[in-house]
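Colleague: Quick one: the structure is below, questions incoming.
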There are 2 protein chains.
Amino acid sequence: MPSVPLVEVTRGSSRECLHRGAVAVVDREGRLRYATGDPDLELFLRSSAKPLQAIPLVESGGADALGLTEEELAVTCGSHAAEPVHLSAVRSILSKAGLDERALQCGAHAPGDAEAAAALVRSGQAPTAIHNNCSGKHAGMLAACRTRGWPVETYRASDHPLQREIAAIVCAFSGAARETMALGTDGCGVPTFHLTVCEVARAFARLADPSGLPSRRAEAVRRLGRAMVAYPVLTSGTGRLNTVLLEALGDRLFCKTGAEGVYGVALVGRGWGIGVKIEDGNSRGMGAVILETLRQLDLVTASELDALAGYHRPTVRNHEGRTVGAMRAVFTLEQVSSPEGAYSRGVAPHTPSA
Amino acid sequence: MPSVPLVEVTRGSSRECLHRGAVAVVDREGRLRYATGDPDLELFLRSSAKPLQAIPLVESGGADALGLTEEELAVTCGSHAAEPVHLSAVRSILSKAGLDERALQCGAHAPGDAEAAAALVRSGQAPTAIHNNCSGKHAGMLAACRTRGWPVETYRASDHPLQREIAAIVCAFSGAARETMALGTDGCGVPTFHLTVCEVARAFARLADPSGLPSRRAEAVRRLGRAMVAYPVLTSGTGRLNTVLLEALGDRLFCKTGAEGVYGVALVGRGWGIGVKIEDGNSRGMGAVILETLRQLDLVTASELDALAGYHRPTVRNHEGRTVGAMRAVFTLEQVSSPEGAYSRGVAPHTPSA
């Protein structure tokens, strides 16, 4: 099954665009349970990897050794908008690790937050690495290197011990094989991981229920999930999809957006995971995809959907702000009749909780 | 035939995204000659309509009555980046029409040109309607209303005589039927037109060879095409795709980008037209689509393609500016074996030149 229509974009009463892709829903044993489109649709994990990339810092005791706060852990998992709250959390992590902004090797781009971007221009300053949406992740990587005694200058290299450990974690959680998983270079310069939609869902299922993992790793996963739910804005920015989902539904999930149309959701209570790839990389309809998936899985109430209508059924507005069109999800998840088939590629199920 | 893969986006050596859509190539008799994907793929014409929307101003003698220059005609057909050269051309049109910026009803957005946008923020000013990429089109519409004695306050309404005349022109050029063609509201507030990829190609074929049209209309089309070729930057912005194509290939074509992945090319010498729709609305691979189409039609030389390699085979860069991926066209145009089929929907061919 190829990629299928996920979101239709209309103008007036006629179709203007279509976003195709795939959604996979995996249970706590790693089995594909629901899907639409090709669960093997390929992608790079991009920033949806951040909760996995933060594990070495916490699991090793590094976060405790440095006295990192929950806000600071949340921003290590975040793709932030460079609002003041984000910059101060990132600076604090670096300071606790005995470093400063000069250690960040993520490259610079303008703040995602419009007001922060305008303030920077007004001040006559150019964006620096701290404004990069990945600076929290990079600060966390640097902090992990400091507490593990690894070199900080080369922390982005794929053969650096931190990046090797992260790649092993990505494989352990997703079921991908390290020998065959392709790497790419992420927008921020660190390795990123070529996976399938089903593998993203499997990784987030293990994030949702880490009970079968070694206890220090399981506790690290739970702590990172709690931090993201406790500080939604730190994972993204005010009013953004990832923030809003955590604010509204943090009692049952945590989630992480990735560039180029990737999304992962850890359904904590159920121990399931959702993976999404919009084939064309455009995330404008991602709220519709995630909320419609949750609706079809009966994991969100009608009143919650009403409150999130601006994300579930986004409008298209013209430059005056007038509504001229709409986006809506157009897919139906199909139940996978023999979920054992998920193991056909030789992926071992992770040990279910006792 | 549904939409087909047009552009693949890779990171490292693996696929990250795919942009699907359709391309249609129509000859001077309005017949579909080459295509990939569904030539009936639907779209809104958006800013690719601008050369058509400018016709009433020129055809009626209004442009001459007001003494509009070739630069000013080019910006009425343009989607500009709000560089100083654009703003001064738009202001000049309005002034010649006895109006000023307050007459523009296109809504405001920040300048497309990064330097112009930063300069505006530094000056402490908010964007206004003049910065809207469509302000040249709107100034031209207002100028047409002034010279035709039509009301200027209501120029955006679909039942305004100007908009009715434009809709009739869109139908006459594209072959769409006025009774069935759906309208939407464009980002700038004027009507936009729901067409197919083949109809876009047909409209641009008639722009390429207007010889079968009434002489005043044919001369208006030629004059607008000449203006776009003479002033490429006025149609878009420095270094942008539409500008670059006109600069490099203006001896054989003129062209116009539209929002949400639309493009039209008028192959002037041959009298043919090209229509493109990227189904998902993302235009980042449009250079690859247009240049690959021209390559397959043998309308661009190898050395020209080399010089335009940054548009034909764009790179994906990370925030440091390092190349981490690439885009490349992945389609093959197919010759239509019985081009008479293009008339199956009852569209009359336009009269070929003598």
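The values are calculated or read from the model by the stated rules, or taken from the named source; none is laboratory data. The model shown is predicted, which means the values in this text are computed figures rather than measured ones. Using ideal geometry, Cβ is built from the backbone for each residue, glycine included, and neighbour counts are taken over all protein chains shown. Please note that ligands, DNA and RNA were not included when accessible areas were found on the heavy atoms of the full protein model with its side chains. Shrake-Rupley method; radii C 1.70, N 1.55, O 1.52, S 1.80 Å.
Colleague: Pop the C-beta distance of B:R328 and B:S123 into the FRET formula with R0 = 35 Å and round what comes out to the nearest 0.05. Could you put the intermediate results ahead of the total?
Modeller: Details: r = 41 Å, r/R0 = 1.17.
Computed FRET efficiency for B:R328 and B:S123 comes out at 0.30.
Colleague: Given the options A:P151, A:P232, A:P214, state which has the largest fluctuation in a GNM of chain A using a 10 Å cut-off (strictly under) for Cα springs.
Modeller: It is A:P214.
Colleague: Let me make sure I get this right: for the stretch B:121-274, a, b and c are the square roots of the gyration tensor eigenvalues over alpha carbons, sorted descending. Under 1.5 in a/c it's rounded, otherwise prolate if a/b > b/c, else oblate. Which is it? Mind showing how you got there, number by number?
Modeller: Numbers: a/c = 1.56, a/b = 1.09, b/c = 1.43.
Verdict is oblate for the stretch B:121-274.
Colleague: With +1 assigned to the C-beta of every Lys and Arg and -1 to the C-beta of every Asp and Glu, and no other charges, what is the dipole magnitude of the protein assembly as shown about the Cα centre in debye, to the nearest 20?
Modeller: Numbers: 74 positive and 74 negative charges, 46 e Å.
The calculated dipole for the protein assembly as shown is roughly 220 debye.
Colleague: Buried accessible area for the A:B pair, summed, 1.4 Å probe, in Å² rounded to 100? All intermediate terms of the calculation are to be shown ahead of the outcome.
Modeller: Details: alone 14130 and 14130 Å², together 24850 Å².
Roughly 3400 Å².
Colleague: Something else now. Compute the Cα gyration tensor for the stretch B:195-257, then decide on rounded, prolate or oblate, letting a ≥ b ≥ c be the square roots of its eigenvalues: rounded whenever a/c is under 1.5, prolate when a/b is larger than b/c in the other cases, and oblate in all that remain.
Modeller: Details: a/c = 2.42, a/b = 1.43, b/c = 1.70.
Note, shape of the stretch B:195-257 comes out oblate.
Colleague: If you place +1 on the Cβ of every Lys and Arg, -1 on the Cβ of every Asp and Glu, and leave all else neutral, what size is the dipole of the stretch A:171-264 about its Cα centre, to the nearest 20 Debye?
Modeller: Details: 11 positive and 8 negative charges, 64 e Å.
Computed about the Cα centre, the dipole is about 300 debye.
Colleague: Under the Karplus relation 6.51 cos²θ - 1.76 cosθ + 1.60, θ = phi - 60°, what is the ordered set of whole-Hz ³J(HN,Hα) values for the stretch B:48-59, x standing for Gly and Pro?
Modeller: 5, 7, 4, x, 6, 5, 7, 4, x, 4, 8, 4
Colleague: Here's a follow-up. For B:L253, what residues show an amide H to amide H distance below 5 Å, using hydrogens built from the backbone and excluding near sequence neighbours?
Modeller: Amide H neighbours of B:L253: B:V268.
Colleague: Which residue, chosen from B:Y231, B:P151, B:G189, occupies the Cα position most advanced towards the positive end of the dipole of chain B, where the dipole is computed from +1 (Lys, Arg) and -1 (Asp, Glu) charges on Cβ about the Cα centre?
Modeller: B:P151
Colleague: Per residue, how many Å² of accessible area does the stretch B:1-113 show with a 1.4 Å probe? Provide the component values of the computation, followed by the final result.
Modeller: Details: 3270 Å² over 113 residues.
On a per-residue basis, the stretch B:1-113 sits at 29 Å².
Colleague: Here's another thing I want to ask about it. For the stretch B:224-239, just list the computed ³J(HN,Hα) in residue order, Karplus coefficients 6.51, -1.76 and 1.60, θ = phi - 60°, integers in Hz, with x standing in for Gly and Pro.
Modeller: Residue by residue, the stretch B:224-239 yields 5, x, 4, 5, 5, 6, 6, 10, x, 4, 5, 7, 7, x, 4, x Hz.
Colleague: How far, in nm to one decimal, is B:L297 from itself in the other copies if the label point is set 7 angstrom along Cα toward Cβ? Shortest first, please.
Modeller: Inter-copy label distances (nm, one decimal, shortest first): 4.7.
Colleague: Can you list the residues of the stretch A:172-218 that have at least 40 square angstrom less accessible area with all protein chains present than in their chain by itself, probe 1.4 Å?
Modeller: A:T185, A:G187
Colleague: Let me ask something else about it. Calculate what fraction, in whole %, of the accessible area of the protein assembly as shown sits on carbon and sulfur atoms when a 1.4 Å probe is rolled over the protein chains.
Modeller: 50
Colleague: Still on this structure, please answer the following. At a Förster radius of 41 Å, what calculated FRET efficiency corresponds to the Cβ-Cβ distance of B:A307 and B:E101, to the nearest 0.05?
Modeller: On the way: r = 38 Å, r/R0 = 0.93.
After rounding to 0.05, the efficiency reads 0.60.
Colleague: I need the semi-axes of the equivalent ellipsoid of the stretch B:171-225: take the C-alpha gyration tensor, multiply each eigenvalue by 5, square-root it, list largest first in whole angstrom.
Modeller: Details: eigenvalues 99, 37, 21 Å².
Three semi-axes, in Å: 22, 14, 10.
Colleague: Averaged per residue, what accessible surface does the stretch B:196-252 expose to a 1.4 Å probe, in Å²? Intermediate results must be reported in sequence, preceding the final value.
Modeller: Working: 1840 Å² over 57 residues.
Value for the stretch B:196-252: 32 Å² per residue.
Colleague: In whole Hz, what ³J(HN,Hα) sequence does the stretch B:210-221 give by Karplus (6.51, -1.76, 1.60; θ = phi - 60°), x for Gly and Pro?
Modeller: My calculation for the stretch B:210-221 gives x, 5, x, 8, x, 4, 5, 5, 4, 5, 4, 4 Hz in order.
Colleague: For each cysteine in chain B, check whether another cysteine's C-beta sits under 4.7 Å from its C-beta; list those where none does.
Modeller: B:C17, B:C77, B:C145, B:C171, B:C198, B:C255
Colleague: In whole Å, how far is the Cα centre of the stretch B:144-214 from that of the stretch A:163-215?
Modeller: If we compute the Cα centre of each part, the gap is 52 Å.
Colleague: Which residues, if any, in the stretch A:1-34 lose at least 20 square angstrom of accessible heavy-atom surface (probe 1.4 Å) when the other protein chains sit next to their chain rather than the chain being alone?
Modeller: Listed by number, the residues meeting the 20 Å² cut-off are A:R11, A:S14, A:R15, A:E16, A:C17, A:L18, A:R20.
Colleague: Just need log10 I(q)/I(0) for the protein assembly as shown at q = 0.06, 0.07 Å⁻¹, Debye formula, equal scatterers on the alpha-carbon atoms, no solvent, rounded to two decimals.
Modeller: At q = 0.06, 0.07 Å⁻¹ the computed log10 ratios are -0.38, -0.51.
Colleague: To one decimal place, what orientation-averaged projected area in nm² is obtained for the convex hull of the Cα set of chain B? Walk me through the numbers before you get to the answer.
Modeller: On the way: hull surface 70.9 nm².
Computing the convex hull of the Cα atoms and averaging its projections yields 17.7 nm².
Colleague: So, one more: Could you pull out every residue, at least 5 positions away or on a different chain, whose amide H is within less than 5 Å of the one on A:G325? Hs are placed 1.01 Å off N in the peptide plane, and Pro or chain starts have none.
Modeller: Amide H neighbours of A:G325: A:G12, A:V316.
Colleague: Longest span of chain A, sites excluded, free of trypsin sites (Lys or Arg not before Pro) in DSSP loop with at most 14 other C-beta atoms within 10 Å?
Modeller: Numbers: sites that count: A:R178, A:R322.
In short, A:1-177.
Colleague: Mind listing the label-point distances from B:G321 to the same position on all other copies, shortest first, one decimal in nm, points 7 Å along Cα→Cβ?
Modeller: 3.9
Colleague: Suppose every K and R has +1 on its Cβ and every D and E has -1 on its Cβ; what is the size of the dipole of the stretch B:255-323 about the Cα centre, in Debye to the nearest 20? Let's see the in-between values first.
Modeller: Working: 8 positive and 8 negative charges, 16 e Å.
Rounded to the nearest 20 debye, it is 80 debye.
Colleague: What nm distances, shortest first, do you get from the label point of B:R102 to those in the other copies when the point sits 7 angstrom along Cα to Cβ?
Modeller: With the label placed 7 Å along Cα→Cβ, B:R102 yields 5.5 nm.
Colleague: For peptide B:116-128, how many partner chain Cβ atoms fall within 10 Å of a residue's Cβ, on average?
Modeller: Numbers: counts 0, 3, 6, 1, 2, 6, 5, 1, 2, 0, 1, 1, 0.
Counting other chains' Cβ atoms within 10 Å and averaging over B:116-128 gives 2.
Colleague: Put simply, what bits of the stretch A:306-331 lose 10 Å² or more of accessible area when the other protein chains are there, versus the chain on its own (1.4 Å probe)?
Modeller: Listed by number, the residues meeting the 10 Å² cut-off are A:N318, A:H319, A:E320, A:R322, A:V324.
Colleague: To continue, here is another question. Sticking with the crude label model, points 7 Å out along Cα→Cβ, report the distance from A:T180 to B:Q335 in nm, one decimal please.
Modeller: 4.2
Colleague: Could you tell me whether the stretch B:1-117 comes out rounded, prolate or oblate from its Cα gyration tensor? Rule is a ≥ b ≥ c as square roots of the eigenvalues, rounded for a/c under 1.5, then prolate if a/b exceeds b/c, otherwise oblate.
Modeller: Working: a/c = 3.19, a/b = 1.59, b/c = 2.01.
It is oblate, given that a/c is not under 1.5 and a/b is not larger than b/c.
Colleague: In a GNM of chain A with a 10 Å cut-off on Cα contacts, which of A:L195, A:L234, A:L249 has the highest mean-square fluctuation?
Modeller: In this elastic network of chain A, the residue with the biggest mean-square fluctuation among A:L195, A:L234, A:L249 is A:L249.
Colleague: Would any residue of the stretch B:267-286 have its amide N under 12 Å from a label point 7 Å out along Cα→Cβ of B:S158? List them or say none.
Modeller: none
Colleague: While we're on this one: Which of the GluC sites (Glu not before Pro) found in the stretch B:137-190 are in a DSSP loop and have at most 13 neighbouring Cβ atoms, other than their own, within 10 Å? Don't jump to the answer; show the numbers that get you there.
Modeller: Working: sites: B:E153, B:E165, B:E179; in loops: B:E153, B:E179.
Filter output for the stretch B:137-190: B:E153, B:E179.
Colleague: Return, for the Cα atoms of the stretch A:40-185, the radius of gyration and Dmax in Å, separated by a comma.
Modeller: Spelled out, the Cα radius of gyration and Dmax of the stretch A:40-185 are 15.5, 49 Å.
Colleague: Of the listed pairs A:K137/A:K277; A:K96/A:K256; A:K277/B:K256; A:K50/B:K277; A:K137/B:K277, which have alpha-carbon separations greater than 29 Å here?
Modeller: A:K277/B:K256; A:K50/B:K277; A:K137/B:K277
Colleague: For B:N132, list long-range residues whose amide hydrogen, built 1.01 Å from N in the peptide plane, is under 5 Å from its own amide hydrogen.
Modeller: Sorted by chain and number, the residues that satisfy this are B:H109.
Colleague: Let me ask something additional. Would you mind telling me which residue in A:L32, A:L207, A:L308 has the biggest mean-square fluctuation in a Gaussian network model of chain A, where springs connect alpha carbons within a distance under 10 angstrom?
Modeller: Taking springs between Cα atoms under 10 Å, the residue moving most is A:L308.
Colleague: In a Debye calculation with equal point scatterers on the alpha-carbon sites of the stretch B:108-210 and no solvent, what is log10 I(q)/I(0) at q = 0.10, 0.14, 0.17, 0.25 Å⁻¹?
Modeller: Reported log10 I(q)/I(0), two decimals: -0.38, -0.69, -0.90, -1.25.
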